[in-house]
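> Okay, handing you the structure first.
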Amino acid sequence: QVQLVESGGGLVQAGGSLRLSCAASGRTFSSYRMGWFRQAPGKEREFVAGVSRTGISLLYADFVKGRFTISRDNAKNTVYLQMNSLKPEDTAVYYCAFYNSGSYYSTSGYDYWGQGTQVTVSS
C-alpha cells in the first residue's frame, strides 16, 4: 500500500520559516520523482516544487523561487520543503505526491498523494 504522510505545517508569522516533511512507504522511493503542491481555499491545487530521483534536478514555481527549497533523503524515504520568508499568500494546505508521467507542473502528472498539512501565515 502506497502512503505519503506530510508533517511540519502550522501557524507562523509573516517572514517566518517552516520545514515540511513527507514520509513515503509502499514504493521504492528512490525510483520516483517527487513534487510538492498547495491548495488555498477556493483555488485549484498548484505546483510548488519538484525534485528528481537523485535530488540533483530541482524545479520551482516562480512565486517560491529564492524562498523555498525542496530536498530529499532517499535513505529515509522522505522529501522536504524548507519554506523561508513566508507570506500570508503562502497560506494553503501543502501536499506531496509521487510523479508518474506527463507534466511535472500539473496534478495530472502525479498518481499518489498525501493527506496534506496546513500552513497558515499571519500578517
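> Could you order the peptides 89-98, 20-29 from most to least packed, using the average number of other C-beta atoms within 10 Å per residue?
Final packing ranking: 89-98, 20-29.
> Read phi for every residue in the range 33-49 and hand back ³J(HN,Hα) as whole Hz from Karplus 6.51 cos²θ - 1.76 cosθ + 1.60, θ = phi - 60°, with x for Gly and Pro.
Running phi through 6.51 cos²θ - 1.76 cosθ + 1.60 with θ = phi - 60° gives 5, 10, x, 10, 10, 9, 9, 8, x, x, 10, 6, 5, 10, 5, 10, 7 Hz.
> List the residues whose amide H sits under 5 Å from the amide H of residue 116, counting only those 5 or more places along or on another chain, with H placed 1.01 Å from N in the peptide plane.
Correct list: 6, 96.
> What residues have an amide H closer than 5 Å to that of residue 72, excluding those fewer than 5 places away on the same chain, when H is modeled at 1.01 Å from N in the peptide plane?
Residues meeting the amide H criterion: 80.
> A follow-up question, please. Might you tell me the accessible area per residue for the range 1-66, computed with a 1.4 Å probe and given in Å²? Intermediate results must be reported in sequence, preceding the final value.
Details: 3570 Å² over 66 residues.
Result: 54 Å² of accessible area for each residue.
> I'd like the Karplus ³J(HN,Hα) series for the range 4-13: coefficients 6.51, -1.76, 1.60, θ = phi - 60°, whole numbers in Hz, and an x wherever there's a Gly or Pro.
Using θ = phi - 60°, the values come out as 10, 10, 8, 8, x, x, x, 9, 9, 7 Hz.
> Right, another one. Would you please calculate the Kirkwood hydrodynamic radius of the chain over all C-alpha pairs and express it in Å, rounded to one decimal? Before the final figure, lay out the partial values.
Details: mean 1/r = 0.0705 Å⁻¹.
It is 14.2 Å.
> Which order do peptides 75-83, 60-68, 35-43 fall in by mean Cβ count within 10 Å, highest first?
Result, highest mean first: 75-83, 35-43, 60-68.
> Per-residue HN-Hα couplings for the range 59-70, Karplus 6.51 cos²θ - 1.76 cosθ + 1.60 at θ = phi - 60°, whole Hz, x for Gly and Pro?
These are the phi-based 3J(HN,Hα) values: 10, 9, 5, 4, 6, 10, 4, x, 10, 10, 9, 9 Hz.
> Rounded to a whole number, what % of the accessible area of the range 1-71 do carbon and sulfur atoms account for, probe 1.4 Å?
47
> If you don't mind, another one. Using the scaling law 2.2 N^0.38 Å as the reference, what is the normalised Cα Rg of the range 37-101? The partial results should precede the final answer.
Details: Rg = 12.1 Å, N = 65, 2.2 N^0.38 = 10.7 Å.
Against the empirical 2.2 N^0.38 Å value, I get 1.13 for the range 37-101.
The values are calculated or read from the model by the stated rules, or taken from the named source; none is laboratory data. Note that this is a predicted model, so its numbers are computed, not measured. As a convention, Cβ positions derive from the backbone with ideal geometry for all residues, glycine included, and neighbour counts pool all protein chains shown. The protein model used for the area step is the full one, side chains on, heavy atoms only, and it has no ligands, DNA or RNA in it. Shrake-Rupley method; radii C 1.70, N 1.55, O 1.52, S 1.80 Å.
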